[in-house]
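A.B. asks: Quick one: structure below, then a few questions.
The values are calculated or read from the model by the stated rules, or taken from the named source; none is laboratory data. What you see is a predicted model, and the numbers here were worked out from it, not measured in a lab. Cβ: placed from backbone, ideal geometry, glycine included. Neighbour counts: every protein chain shown. Side chains included, ligands, DNA and RNA excluded: accessible areas come from the protein's heavy atoms. Shrake-Rupley method; radii C 1.70, N 1.55, O 1.52, S 1.80 Å.
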Amino acid sequence: MAALYWFTQDLRISDNKILDGFLASDAPRYACYFVNPNWITTSESAMGKARWLFLKQSLCQLKASLSEYGVPLLIVIGNPTELLPALAKKLKISSLCFSNPVGFNESKQISAIRKALPNIMFKDHWSHTLFDQTLIQDIGGVNKSFSAFKKTLEASAVIEKLDNSAIENTQCLNDKAWLNESDITISYIDSLYETSQPLSIRANNQEIIGGCQSGLKHLKEYFASGAISHYKQTRNDLHGYRRTSLFSPWLANGSLSPRQVWQGIVRYEKEYEQNDSTYWLKFELLWREYFQWSAVEQGVQLFTFKGLSNSAPKTSFYPERYAKWCSGNTPYPLVNALMNQLNRTGFMSNRGRQIVASCFVNELHLDWRFGAKYFEKHLIDYDVASNWGNWQYIAGVGKDPRGGRKFNITKQAELYDKDGEFTSCWGGYENTLPLDSVDIAGWPLETQ
Ligand SMILES: Cc1cc2nc3c(=O)[nH]c(=O)nc-3n(C[C@H](O)[C@H](O)[C@H](O)COP(=O)(O)OP(=O)(O)OC[C@H]3O[C@@H](n4cnc5c(N)ncnc54)[C@H](O)[C@@H]3O)c2cc1C
(Lines give C-alpha, C1' and ligand atoms only; values in the text may rest on other atoms or scores of the structure.)
Protein backbone atom coordinates (compact mmCIF):
# COMPACT_ATOMS: atom_id res chain seq x y z
CA MET A 1 0.00 0.00 0.00
CA ALA A 2 1.15 3.52 -0.78
CA ALA A 3 1.83 6.57 1.39
CA LEU A 4 0.84 10.17 0.66
CA TYR A 5 2.51 13.29 2.06
CA TRP A 6 0.23 16.34 2.00
CA PHE A 7 2.31 19.53 2.02
CA THR A 8 0.73 22.68 3.41
CA GLN A 9 2.86 25.16 5.37
CA ASP A 10 5.91 22.92 5.55
CA LEU A 11 7.47 23.21 2.10
CA ARG A 12 10.84 21.81 3.11
CA ILE A 13 12.88 18.65 3.30
CA SER A 14 15.00 19.22 6.40
CA ASP A 15 13.72 19.45 10.00
CA ASN A 16 10.60 17.62 8.93
CA LYS A 17 10.35 14.46 11.04
CA ILE A 18 7.28 12.90 9.49
CA LEU A 19 8.72 13.52 6.05
CA ASP A 20 11.97 11.75 7.06
CA GLY A 21 10.01 8.60 7.89
CA PHE A 22 7.96 8.93 4.72
CA LEU A 23 11.04 9.34 2.51
CA ALA A 24 12.74 6.34 4.15
CA SER A 25 9.77 4.04 3.54
CA ASP A 26 9.84 1.32 0.86
CA ALA A 27 6.18 1.77 -0.04
CA PRO A 28 5.19 3.68 -3.20
CA ARG A 29 5.23 7.35 -2.16
CA TYR A 30 3.39 10.38 -3.49
CA ALA A 31 3.26 13.97 -2.36
CA CYS A 32 0.60 16.59 -3.03
CA TYR A 33 -0.07 20.31 -2.56
CA PHE A 34 -3.45 22.03 -3.01
CA VAL A 35 -3.73 25.52 -4.48
CA ASN A 36 -6.79 27.24 -3.04
CA PRO A 37 -9.00 28.28 -6.02
CA ASN A 38 -9.67 31.62 -4.26
CA TRP A 39 -5.98 32.49 -4.64
CA ILE A 40 -6.23 32.55 -8.40
CA THR A 41 -9.60 34.07 -9.14
CA THR A 42 -9.91 37.55 -10.56
CA SER A 43 -11.59 38.67 -7.36
CA GLU A 44 -10.13 40.73 -4.52
CA SER A 45 -8.98 37.63 -2.68
CA ALA A 46 -6.62 36.53 -5.47
CA MET A 47 -2.93 36.40 -4.59
CA GLY A 48 -0.79 39.37 -5.50
CA LYS A 49 1.89 38.73 -8.13
CA ALA A 50 4.85 38.74 -5.73
CA ARG A 51 3.12 36.36 -3.33
CA TRP A 52 2.37 33.94 -6.15
CA LEU A 53 5.94 34.14 -7.47
CA PHE A 54 7.37 33.33 -4.06
CA LEU A 55 5.01 30.38 -3.66
CA LYS A 56 5.76 29.17 -7.18
CA GLN A 57 9.50 29.22 -6.54
CA SER A 58 8.97 27.39 -3.25
CA LEU A 59 6.93 24.67 -4.97
CA CYS A 60 9.44 24.30 -7.79
CA GLN A 61 12.33 23.83 -5.35
CA LEU A 62 10.30 21.36 -3.32
CA LYS A 63 9.35 19.41 -6.43
CA ALA A 64 12.97 19.24 -7.57
CA SER A 65 14.13 18.17 -4.09
CA LEU A 66 11.49 15.45 -3.87
CA SER A 67 12.30 14.16 -7.33
CA GLU A 68 15.80 13.33 -6.05
CA TYR A 69 14.07 10.88 -3.71
CA GLY A 70 11.90 9.58 -6.53
CA VAL A 71 8.73 11.15 -5.08
CA PRO A 72 6.41 12.99 -7.47
CA LEU A 73 4.73 16.18 -6.19
CA LEU A 74 1.18 16.60 -7.53
CA ILE A 75 0.09 20.23 -7.51
CA VAL A 76 -3.68 20.43 -7.66
CA ILE A 77 -6.07 23.39 -7.79
CA GLY A 78 -9.01 22.73 -5.50
CA ASN A 79 -10.33 22.19 -2.02
CA PRO A 80 -8.50 19.34 -0.24
CA THR A 81 -11.65 18.40 1.67
CA GLU A 82 -13.25 17.42 -1.62
CA LEU A 83 -10.25 16.23 -3.58
CA LEU A 84 -7.93 14.56 -1.10
CA PRO A 85 -10.20 11.61 -0.23
CA ALA A 86 -10.67 10.87 -3.94
CA LEU A 87 -6.92 11.13 -4.57
CA ALA A 88 -6.18 8.86 -1.61
CA LYS A 89 -8.56 6.23 -2.97
CA LYS A 90 -7.19 6.48 -6.48
CA LEU A 91 -3.59 6.09 -5.31
CA LYS A 92 -4.64 3.31 -2.88
CA ILE A 93 -2.86 4.91 0.02
CA SER A 94 -2.79 3.44 3.52
CA SER A 95 -1.20 6.40 5.30
CA LEU A 96 -1.50 10.16 5.05
CA CYS A 97 1.26 12.36 6.49
CA PHE A 98 0.93 16.08 7.19
CA SER A 99 1.89 18.90 9.50
CA ASN A 100 -0.80 20.24 11.83
CA PRO A 101 -2.14 23.65 10.84
CA VAL A 102 -2.84 26.49 13.31
CA GLY A 103 -5.60 28.14 11.24
CA PHE A 104 -9.28 27.51 11.94
CA ASN A 105 -10.30 26.73 8.34
CA GLU A 106 -7.36 24.42 7.79
CA SER A 107 -8.11 22.53 11.03
CA LYS A 108 -11.70 22.09 9.89
CA GLN A 109 -10.43 20.60 6.62
CA ILE A 110 -8.34 18.05 8.53
CA SER A 111 -11.32 16.97 10.63
CA ALA A 112 -13.44 16.51 7.49
CA ILE A 113 -10.70 14.49 5.78
CA ARG A 114 -10.23 12.27 8.83
CA LYS A 115 -13.96 11.54 8.71
CA ALA A 116 -13.91 10.81 4.99
CA LEU A 117 -10.98 8.40 5.28
CA PRO A 118 -11.71 6.28 8.36
CA ASN A 119 -9.45 3.38 7.37
CA ILE A 120 -6.34 5.37 6.71
CA MET A 121 -3.51 5.90 9.16
CA PHE A 122 -2.89 9.60 9.84
CA LYS A 123 0.65 10.64 10.74
CA ASP A 124 0.77 14.23 11.86
CA HIS A 125 3.11 16.52 13.77
CA TRP A 126 3.61 20.20 14.68
CA SER A 127 6.27 21.61 12.43
CA HIS A 128 5.22 25.25 11.99
CA THR A 129 6.04 26.15 15.59
CA LEU A 130 8.96 25.89 18.01
CA PHE A 131 6.97 23.72 20.41
CA ASP A 132 4.25 21.13 20.09
CA GLN A 133 0.76 21.28 21.49
CA THR A 134 1.45 19.05 24.49
CA LEU A 135 4.04 21.45 25.82
CA ILE A 136 1.79 24.45 25.28
CA GLN A 137 -1.01 22.65 27.13
CA ASP A 138 1.41 21.75 29.94
CA ILE A 139 2.21 25.42 30.51
CA GLY A 140 -1.48 26.27 30.66
CA GLY A 141 -2.05 27.41 27.06
CA VAL A 142 -1.85 30.97 25.78
CA ASN A 143 -4.62 32.40 27.85
CA LYS A 144 -2.30 35.07 29.19
CA SER A 145 -0.35 38.12 28.04
CA PHE A 146 2.69 37.74 25.82
CA SER A 147 5.01 38.66 28.73
CA ALA A 148 3.57 35.91 30.93
CA PHE A 149 3.75 33.39 28.06
CA LYS A 150 7.38 34.27 27.33
CA LYS A 151 8.35 34.14 30.99
CA THR A 152 6.88 30.66 31.43
CA LEU A 153 8.55 29.35 28.29
CA GLU A 154 11.92 30.86 29.13
CA ALA A 155 11.78 29.36 32.60
CA SER A 156 10.72 25.86 31.69
CA ALA A 157 10.70 24.96 28.00
CA VAL A 158 13.56 23.44 26.10
CA ILE A 159 13.71 23.74 22.34
CA GLU A 160 14.69 20.48 20.77
CA LYS A 161 18.25 20.65 19.53
CA LEU A 162 18.69 19.93 15.84
CA ASP A 163 21.98 18.68 14.56
CA ASN A 164 23.93 21.04 12.35
CA SER A 165 22.99 19.16 9.20
CA ALA A 166 19.41 20.46 9.65
CA ILE A 167 20.60 23.99 9.03
CA GLU A 168 23.06 23.24 6.27
CA ASN A 169 22.32 22.96 2.58
CA THR A 170 22.93 19.21 2.50
CA GLN A 171 21.03 18.67 -0.70
CA CYS A 172 22.68 20.52 -3.51
CA LEU A 173 20.25 21.38 -6.24
CA ASN A 174 21.92 21.85 -9.53
CA ASP A 175 22.36 25.64 -9.81
CA LYS A 176 18.96 27.00 -10.86
CA ALA A 177 17.83 23.81 -12.59
CA TRP A 178 14.81 23.75 -10.27
CA LEU A 179 13.50 26.82 -12.07
CA ASN A 180 12.94 24.68 -15.15
CA GLU A 181 10.92 22.18 -13.16
CA SER A 182 7.88 21.92 -15.37
CA ASP A 183 4.45 21.61 -13.90
CA ILE A 184 1.21 21.95 -15.77
CA THR A 185 -0.67 23.56 -12.85
CA ILE A 186 2.09 26.09 -12.21
CA SER A 187 2.23 27.02 -15.92
CA TYR A 188 -1.54 27.45 -15.94
CA ILE A 189 -1.51 29.74 -12.89
CA ASP A 190 1.41 31.66 -14.35
CA SER A 191 -0.64 32.32 -17.46
CA LEU A 192 -3.31 34.02 -15.33
CA TYR A 193 -0.86 36.72 -14.32
CA GLU A 194 -0.64 39.40 -16.98
CA THR A 195 3.10 39.70 -17.46
CA SER A 196 5.30 37.09 -19.00
CA GLN A 197 8.36 39.03 -17.78
CA PRO A 198 10.18 37.16 -15.04
CA LEU A 199 9.33 39.31 -12.03
CA SER A 200 11.90 39.15 -9.27
CA ILE A 201 11.14 39.91 -5.67
CA ARG A 202 13.28 42.45 -3.88
CA ALA A 203 12.76 43.28 -0.25
CA ASN A 204 15.04 45.75 1.48
CA ASN A 205 17.59 45.75 -1.34
CA GLN A 206 17.87 42.01 -1.32
CA GLU A 207 16.67 39.53 -3.88
CA ILE A 208 14.29 37.03 -2.34
CA ILE A 209 13.91 33.60 -3.89
CA GLY A 210 11.33 31.17 -2.54
CA GLY A 211 12.18 27.58 -1.62
CA CYS A 212 13.79 25.42 1.04
CA GLN A 213 17.23 25.54 -0.58
CA SER A 214 17.12 29.31 -0.92
CA GLY A 215 15.84 29.61 2.66
CA LEU A 216 18.82 27.69 4.04
CA LYS A 217 21.17 29.75 1.88
CA HIS A 218 19.60 32.95 3.23
CA LEU A 219 19.91 31.65 6.81
CA LYS A 220 23.58 30.86 6.35
CA GLU A 221 24.38 34.19 4.73
CA TYR A 222 22.49 36.20 7.34
CA PHE A 223 24.45 34.67 10.21
CA ALA A 224 27.75 34.82 8.29
CA SER A 225 27.20 38.56 7.73
CA GLY A 226 27.20 39.23 11.49
CA ALA A 227 24.16 41.52 11.06
CA ILE A 228 22.43 39.78 13.98
CA SER A 229 24.95 41.40 16.35
CA HIS A 230 23.27 44.79 15.83
CA TYR A 231 19.70 43.58 15.18
CA LYS A 232 18.28 45.33 18.26
CA GLN A 233 19.47 48.72 17.03
CA THR A 234 18.23 48.33 13.44
CA ARG A 235 15.08 46.20 13.75
CA ASN A 236 12.70 49.17 13.51
CA ASP A 237 14.20 50.63 10.33
CA LEU A 238 11.80 51.01 7.43
CA HIS A 239 14.22 49.63 4.86
CA GLY A 240 17.87 48.98 4.21
CA TYR A 241 20.10 45.98 3.70
CA ARG A 242 20.13 43.45 6.59
CA ARG A 243 18.39 45.75 9.07
CA THR A 244 16.19 42.80 10.01
CA SER A 245 16.59 39.10 9.36
CA LEU A 246 14.04 38.79 6.51
CA PHE A 247 13.32 35.22 7.58
CA SER A 248 9.55 35.69 7.49
CA PRO A 249 8.82 34.78 3.83
CA TRP A 250 10.47 31.36 4.22
CA LEU A 251 9.05 30.83 7.70
CA ALA A 252 5.53 31.60 6.49
CA ASN A 253 5.27 28.77 3.99
CA GLY A 254 7.55 26.50 5.96
CA SER A 255 10.51 26.55 3.58
CA LEU A 256 12.39 27.23 6.83
CA SER A 257 11.27 26.06 10.26
CA PRO A 258 11.38 28.29 13.35
CA ARG A 259 13.62 25.68 14.99
CA GLN A 260 16.15 26.01 12.18
CA VAL A 261 16.24 29.76 12.77
CA TRP A 262 16.48 29.30 16.55
CA GLN A 263 19.30 26.81 16.09
CA GLY A 264 21.09 29.26 13.82
CA ILE A 265 20.95 31.90 16.57
CA VAL A 266 22.19 29.48 19.23
CA ARG A 267 25.07 28.43 17.01
CA TYR A 268 25.98 32.07 16.33
CA GLU A 269 25.93 32.79 20.07
CA LYS A 270 28.28 29.89 20.72
CA GLU A 271 30.68 30.60 17.90
CA TYR A 272 30.71 34.41 17.76
CA GLU A 273 28.82 36.49 20.23
CA GLN A 274 25.84 36.52 22.57
CA ASN A 275 24.36 39.96 23.24
CA ASP A 276 21.08 41.89 23.53
CA SER A 277 20.56 41.64 19.78
CA THR A 278 20.89 37.87 19.57
CA TYR A 279 18.44 37.65 22.48
CA TRP A 280 16.06 40.03 20.70
CA LEU A 281 15.81 37.90 17.60
CA LYS A 282 14.82 34.97 19.83
CA PHE A 283 12.34 37.26 21.53
CA GLU A 284 10.70 37.98 18.15
CA LEU A 285 10.45 34.25 17.42
CA LEU A 286 8.59 33.90 20.72
CA TRP A 287 6.17 36.61 19.57
CA ARG A 288 5.60 34.52 16.47
CA GLU A 289 5.04 31.48 18.68
CA TYR A 290 2.55 33.40 20.81
CA PHE A 291 0.49 34.36 17.76
CA GLN A 292 0.57 30.79 16.41
CA TRP A 293 -0.84 29.24 19.58
CA SER A 294 -3.26 32.13 20.09
CA ALA A 295 -4.67 31.31 16.65
CA VAL A 296 -5.18 27.67 17.65
CA GLU A 297 -6.90 28.76 20.85
CA GLN A 298 -9.06 31.48 19.30
CA GLY A 299 -10.38 29.47 16.36
CA VAL A 300 -12.89 31.46 14.35
CA GLN A 301 -12.67 34.45 16.74
CA LEU A 302 -9.39 35.38 15.08
CA PHE A 303 -11.46 36.67 12.15
CA THR A 304 -14.44 38.25 13.92
CA PHE A 305 -14.96 42.01 14.13
CA LYS A 306 -14.98 42.10 17.95
CA GLY A 307 -12.25 39.49 18.24
CA LEU A 308 -11.74 38.79 21.94
CA SER A 309 -13.16 42.08 23.12
CA ASN A 310 -16.68 42.64 24.35
CA SER A 311 -17.40 45.76 22.36
CA ALA A 312 -17.24 46.46 18.64
CA PRO A 313 -14.62 48.97 17.44
CA LYS A 314 -16.01 52.31 16.24
CA THR A 315 -15.86 52.16 12.46
CA SER A 316 -17.96 53.04 9.47
CA PHE A 317 -18.21 52.10 5.82
CA TYR A 318 -15.91 54.39 3.82
CA PRO A 319 -15.14 52.70 0.47
CA GLU A 320 -13.27 55.76 -0.78
CA ARG A 321 -10.91 55.80 2.20
CA TYR A 322 -10.29 52.08 1.81
CA ALA A 323 -9.43 52.47 -1.88
CA LYS A 324 -7.06 55.36 -1.10
CA TRP A 325 -5.27 53.40 1.60
CA CYS A 326 -4.82 50.40 -0.72
CA SER A 327 -3.43 52.46 -3.59
CA GLY A 328 -1.26 54.77 -1.46
CA ASN A 329 -3.27 57.98 -1.98
CA THR A 330 -4.02 59.04 1.58
CA PRO A 331 -3.15 62.49 2.98
CA TYR A 332 -0.18 60.83 4.76
CA PRO A 333 2.97 60.58 2.58
CA LEU A 334 4.66 58.00 4.81
CA VAL A 335 1.62 55.72 4.68
CA ASN A 336 1.47 56.14 0.89
CA ALA A 337 5.14 55.20 0.54
CA LEU A 338 4.68 52.11 2.68
CA MET A 339 1.62 50.99 0.70
CA ASN A 340 3.49 51.56 -2.58
CA GLN A 341 6.32 49.40 -1.25
CA LEU A 342 3.84 46.64 -0.33
CA ASN A 343 2.05 46.82 -3.69
CA ARG A 344 5.29 46.64 -5.67
CA THR A 345 7.29 44.11 -3.65
CA GLY A 346 4.92 42.15 -1.42
CA PHE A 347 6.96 43.19 1.62
CA MET A 348 6.93 45.86 4.34
CA SER A 349 8.93 46.20 7.57
CA ASN A 350 7.31 45.50 10.93
CA ARG A 351 7.34 49.20 11.87
CA GLY A 352 5.77 50.02 8.50
CA ARG A 353 3.00 47.47 9.06
CA GLN A 354 2.26 48.96 12.47
CA ILE A 355 2.05 52.48 11.03
CA VAL A 356 -0.27 51.64 8.11
CA ALA A 357 -2.46 49.38 10.27
CA SER A 358 -2.78 52.08 12.92
CA CYS A 359 -3.67 54.60 10.20
CA PHE A 360 -6.34 52.22 8.85
CA VAL A 361 -7.94 51.79 12.26
CA ASN A 362 -7.37 55.11 14.02
CA GLU A 363 -7.29 57.75 11.24
CA LEU A 364 -9.49 56.19 8.55
CA HIS A 365 -11.83 54.45 11.04
CA LEU A 366 -12.19 51.36 8.88
CA ASP A 367 -13.01 47.78 9.85
CA TRP A 368 -9.60 46.22 10.64
CA ARG A 369 -10.51 42.94 8.93
CA PHE A 370 -10.42 44.59 5.48
CA GLY A 371 -6.87 45.76 6.17
CA ALA A 372 -5.88 42.27 7.27
CA LYS A 373 -7.44 40.82 4.13
CA TYR A 374 -5.50 43.25 1.93
CA PHE A 375 -2.26 42.19 3.63
CA GLU A 376 -3.25 38.56 3.08
CA LYS A 377 -3.49 39.17 -0.63
CA HIS A 378 -0.11 40.85 -1.01
CA LEU A 379 2.39 39.82 1.66
CA ILE A 380 4.95 37.28 0.47
CA ASP A 381 5.25 36.28 4.13
CA TYR A 382 1.50 36.04 4.73
CA ASP A 383 0.87 33.86 7.74
CA VAL A 384 -2.64 33.47 9.09
CA ALA A 385 -1.69 33.63 12.79
CA SER A 386 0.86 36.46 12.60
CA ASN A 387 -1.20 38.58 10.25
CA TRP A 388 -4.63 38.40 11.85
CA GLY A 389 -3.15 38.34 15.36
CA ASN A 390 -1.11 41.52 14.79
CA TRP A 391 -4.09 43.28 13.21
CA GLN A 392 -6.26 42.33 16.17
CA TYR A 393 -3.60 43.70 18.48
CA ILE A 394 -3.51 47.07 16.75
CA ALA A 395 -7.30 47.27 16.48
CA GLY A 396 -7.54 46.62 20.23
CA VAL A 397 -9.59 43.44 19.86
CA GLY A 398 -6.84 40.95 20.65
CA LYS A 399 -5.06 39.96 23.81
CA ASP A 400 -3.22 43.23 24.23
CA PRO A 401 -3.60 44.27 27.86
CA ARG A 402 -3.10 47.89 26.73
CA GLY A 403 -6.17 47.72 24.45
CA GLY A 404 -4.95 48.70 20.98
CA ARG A 405 -2.09 50.67 19.54
CA LYS A 406 -2.18 54.16 18.05
CA PHE A 407 0.89 55.43 16.18
CA ASN A 408 1.26 59.17 15.61
CA ILE A 409 2.17 59.26 11.92
CA THR A 410 4.03 62.59 12.06
CA LYS A 411 6.10 61.43 15.01
CA GLN A 412 6.84 58.09 13.34
CA ALA A 413 8.03 59.90 10.22
CA GLU A 414 10.34 62.08 12.34
CA LEU A 415 11.73 59.06 14.13
CA TYR A 416 12.15 56.64 11.25
CA ASP A 417 12.32 58.79 8.12
CA LYS A 418 13.69 62.13 9.32
CA ASP A 419 14.97 63.31 5.93
CA GLY A 420 12.09 61.76 3.97
CA GLU A 421 14.41 59.42 2.08
CA PHE A 422 12.16 56.37 2.43
CA THR A 423 9.03 58.38 1.56
CA SER A 424 10.64 59.84 -1.59
CA CYS A 425 12.12 56.52 -2.64
CA TRP A 426 8.62 54.94 -2.65
CA GLY A 427 6.77 57.90 -4.20
CA GLY A 428 4.91 58.81 -1.02
CA TYR A 429 4.75 62.53 -1.76
CA GLU A 430 3.38 62.09 -5.28
CA ASN A 431 -0.30 61.33 -4.82
CA THR A 432 -1.47 62.68 -1.51
CA LEU A 433 -5.23 63.23 -1.64
CA PRO A 434 -7.74 64.42 0.96
CA LEU A 435 -9.37 61.56 2.80
CA ASP A 436 -12.89 62.26 1.51
CA SER A 437 -13.77 63.91 -1.78
CA VAL A 438 -17.22 64.88 -0.49
CA ASP A 439 -17.27 66.95 2.67
CA ILE A 440 -19.80 69.08 4.48
CA ALA A 441 -19.99 71.58 1.58
CA GLY A 442 -21.25 68.76 -0.64
CA TRP A 443 -24.03 67.79 1.78
CA PRO A 444 -27.20 67.87 -0.32
CA LEU A 445 -29.77 68.67 2.38
CA GLU A 446 -30.45 72.01 3.99
CA THR A 447 -31.26 72.12 7.65
CA GLN A 448 -34.47 73.89 8.64
C1 LIG B 1 -0.37 44.46 10.92
C2 LIG B 1 0.74 43.43 10.89
C3 LIG B 1 0.62 42.31 10.06
C4 LIG B 1 1.64 41.33 10.06
N5 LIG B 1 1.51 40.24 9.22
C6 LIG B 1 2.46 39.28 9.23
C7 LIG B 1 2.35 38.12 8.41
O8 LIG B 1 1.37 37.93 7.65
N9 LIG B 1 3.36 37.21 8.43
C10 LIG B 1 4.45 37.36 9.25
O11 LIG B 1 5.34 36.51 9.23
N12 LIG B 1 4.57 38.42 10.07
C13 LIG B 1 3.62 39.39 10.08
N14 LIG B 1 3.77 40.48 10.89
C15 LIG B 1 4.89 40.52 11.85
C16 LIG B 1 6.16 41.22 11.36
O17 LIG B 1 5.86 42.45 10.78
C18 LIG B 1 6.97 40.37 10.36
O19 LIG B 1 7.14 39.07 10.86
C20 LIG B 1 8.35 40.98 10.12
O21 LIG B 1 8.24 42.29 9.66
C22 LIG B 1 9.09 40.13 9.11
O23 LIG B 1 10.36 40.67 8.78
P24 LIG B 1 11.68 39.97 9.31
O25 LIG B 1 11.66 38.51 9.06
O26 LIG B 1 12.82 40.74 8.75
O27 LIG B 1 11.53 40.20 10.88
P28 LIG B 1 12.60 40.24 12.04
O29 LIG B 1 12.47 41.54 12.73
O30 LIG B 1 13.95 39.86 11.58
O31 LIG B 1 12.05 39.14 13.06
C32 LIG B 1 12.43 37.76 12.98
C33 LIG B 1 11.21 36.89 12.94
O34 LIG B 1 10.44 37.04 14.12
C35 LIG B 1 9.05 36.93 13.81
N36 LIG B 1 8.37 38.18 14.17
C37 LIG B 1 8.92 39.41 14.29
N38 LIG B 1 7.97 40.31 14.67
C39 LIG B 1 6.81 39.63 14.76
C40 LIG B 1 5.48 39.99 15.10
N41 LIG B 1 5.13 41.24 15.44
N42 LIG B 1 4.53 39.03 15.05
C43 LIG B 1 4.83 37.75 14.72
N44 LIG B 1 6.07 37.35 14.41
C45 LIG B 1 7.05 38.28 14.43
C46 LIG B 1 8.95 36.67 12.32
O47 LIG B 1 8.83 35.30 12.11
C48 LIG B 1 10.26 37.22 11.78
O49 LIG B 1 10.68 36.60 10.60
C50 LIG B 1 2.77 41.49 10.91
C51 LIG B 1 2.87 42.62 11.71
C52 LIG B 1 1.88 43.58 11.71
C53 LIG B 1 2.02 44.79 12.60
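A.B. asks: Can you tell me the mean projection area, over all orientations, of the convex hull of the chain's alpha carbons? Units nm², please.
C.D. replies: Numbers: hull surface 97.7 nm².
Over every viewing direction, the Cα hull of the chain projects on average to 24.4 nm².
A.B. asks: Debye sum, Cα scatterers, the stretch 203-259, no solvent: what log₁₀ I/I(0) at q = 0.26, 0.27 1/Å?
C.D. replies: Debye intensities relative to I(0), on a log10 scale: -1.15, -1.20.
A.B. asks: Here is a further query. Taking every DSSP beta bridge with both residues inside the chain, roughly what % is antiparallel (nearest 5)? Mind showing how you got there, number by number?
C.D. replies: Details: 3 of 23 bridges.
Taking every DSSP beta bridge within the chain, about 15 percent pair in antiparallel fashion.
A.B. asks: Specify the angular offset, from 0 to 90 degrees and rounded to the nearest 10, of the alpha carbon long axis of helix 146-156 from the longest principal axis of the alpha carbons in the chain.
C.D. replies: Helix 146-156 sits at roughly 30 degrees to that axis.
A.B. asks: Enter the angle in degrees (range 0 to 90, nearest 10) between the Cα long axis of helix 49-67 and the first principal axis of the Cα atoms of the chain, meaning the one along which they spread out most.
C.D. replies: Once rounded, one gets 10 degrees.
A.B. asks: Apply 1/(1 + (r/R0)^6) to the Cβ-Cβ distance of Leu117 and Ser200, taking R0 = 45 Å, and write down the FRET efficiency to the nearest 0.05.
C.D. replies: About 0.65, to the nearest 0.05.
A.B. asks: Ok, one more. Could you tell me how far the Cα centroid of the stretch 389-428 sits from the Cα centroid of the stretch 8-62, in Å?
C.D. replies: About 33 Å separates the Cα centre of the stretch 8-62 from the one of the stretch 389-428.
A.B. asks: Could you give the nm distance between label points at Ala24 and Glu106, where each point is 7 Å from its Cα heading toward the beta carbon?
C.D. replies: Going from the Ala24 label point to the Glu106 one covers 2.6 nm.
A.B. asks: Ok, one more. Between the helical axis of 333-345 and the dominant principal axis of the chain, each derived from Cα atoms, what acute angle in degrees is found, rounded to the nearest 10?
C.D. replies: Helix 333-345 and the main axis of the chain meet at about 30 degrees.
A.B. asks: Moving on to the next point. With θ set to phi - 60°, apply the Karplus curve 6.51 cos²θ - 1.76 cosθ + 1.60 along the stretch 183-193 and write out the HN-Hα couplings as whole Hz, x wherever there is a Gly or Pro.
C.D. replies: 3J(HN,Hα) across the stretch 183-193, in whole Hz: 8, 5, 5, 4, 4, 5, 5, 3, 5, 7, 8.
A.B. asks: Pull up all non-local amide H partners of Leu74: gap of 5 or more, or a different chain, and H-to-H distance under 5 Å with H placed in the peptide plane.
C.D. replies: When sequence neighbours closer than 5 places are left aside, the close amide H contacts are Ala31, Cys32, Tyr33.
A.B. asks: Ordered by residue, what ³J(HN,Hα) values in Hz, to whole numbers, does the stretch 202-209 give under the Karplus form 6.51 cos²θ - 1.76 cosθ + 1.60, where θ = phi - 60° and Gly and Pro are x?
C.D. replies: These are the phi-based 3J(HN,Hα) values: 10, 10, 6, 6, 9, 6, 10, 10 Hz.
A.B. asks: Once the Cα gyration tensor of the stretch 263-419 is diagonalised, what are the square roots of 5 times its eigenvalues, in whole Å and ordered largest first, as equivalent ellipsoid semi-axes? It would help to have the intermediate numbers written out before the result.
C.D. replies: Values: eigenvalues 152, 89, 40 Å².
Over the Cα atoms of the stretch 263-419, the ellipsoid semi-axes are 28, 21, 14 Å.
A.B. asks: Let me ask another. Please list, in chain and number order, the residues 5+ apart from Cys97 or on another chain whose amide H is under 5 Å from its amide H, with Hs placed from the backbone.
C.D. replies: For Cys97, whose amide H was placed from the backbone, the distant partners under 5 Å are Leu4, Tyr5, Trp6, Lys123.
A.B. asks: Check Ile201: other-chain or 5+ apart residues with amide H under 5 Å from its amide H, H built from backbone geometry?
C.D. replies: HN-HN under 5 Å from Ile201: Ile208.
A.B. asks: Applying a 10 Å radius around every beta-carbon, put 64-71, 161-168, 367-374 in order of their mean neighbour count, most first.
C.D. replies: Working: 64-71: 16.2, 161-168: 14.1, 367-374: 20.2.
Highest-to-lowest ranking by the protection proxy: 367-374, 64-71, 161-168.
A.B. asks: Dimensions of the stretch 253-344 along principal axes (Cα, Å, largest first)?
C.D. replies: In descending order, the Cα extents are 54, 34, 26 Å.
A.B. asks: Could you please put Met121, Met1 in sequence from largest to smallest accessible area, using a 1.4 Å probe? Working shown, then result.
C.D. replies: Details: Met121 110, Met1 150 Å².
So, going from the largest accessible area down, we get Met1, Met121.
A.B. asks: Follow-up. Measure out, as a whole number of angstrom, how far apart the alpha-carbon centroids of the stretch 261-305 and the stretch 68-125 sit.
C.D. replies: Here the two parts' Cα centres lie 28 Å apart.
A.B. asks: Further question on the same structure: Could you pull out the pairs from Lys282/Lys406; Lys123/Lys399; Lys144/Lys406; Lys115/Lys282 whose alpha carbons sit more than 30 Å apart here?
C.D. replies: Working: Lys282/Lys406 26 Å; Lys123/Lys399 33 Å; Lys144/Lys406 22 Å; Lys115/Lys282 39 Å.
Over 30 Å apart, Cα to Cα: Lys123/Lys399; Lys115/Lys282.
A.B. asks: What ³J(HN,Hα) values, in whole Hz, does the Karplus curve 6.51 cos²θ - 1.76 cosθ + 1.60 give for the stretch 382-395 when θ = phi - 60°, with x put for Gly and Pro?
C.D. replies: Here the 3J(HN,Hα) series is 4, 9, 3, 6, 5, 6, 5, x, 5, 5, 4, 4, 5, 6 Hz.
A.B. asks: Per DSSP H run of n ≥ 4, the term is -39500 (n - 2.57); total these for the chain, divide by its residue number, and report the mean residue ellipticity at 222 nm rounded to 500 deg cm²/dmol. Mind dumping the intermediate values first?
C.D. replies: On the way: 19 runs with 204 residues, N = 448.
Helix-only estimate at 222 nm: -13500 deg cm²/dmol.
A.B. asks: Find how much the distance from Thr134 to Glu269 grows on full extension, using 0.36 nm per residue of separation minus their present alpha carbon separation; answer in nm with one decimal.
C.D. replies: Answer, rounded to one decimal: 45.8 nm.
A.B. asks: From the protein chains alone at 1.4 Å, what is the descending order of accessible area for Ser229, Ser277, largest first?
C.D. replies: On the way: Ser229 25, Ser277 0 Å².
Ranked from most to least accessible, the order is Ser229, Ser277.
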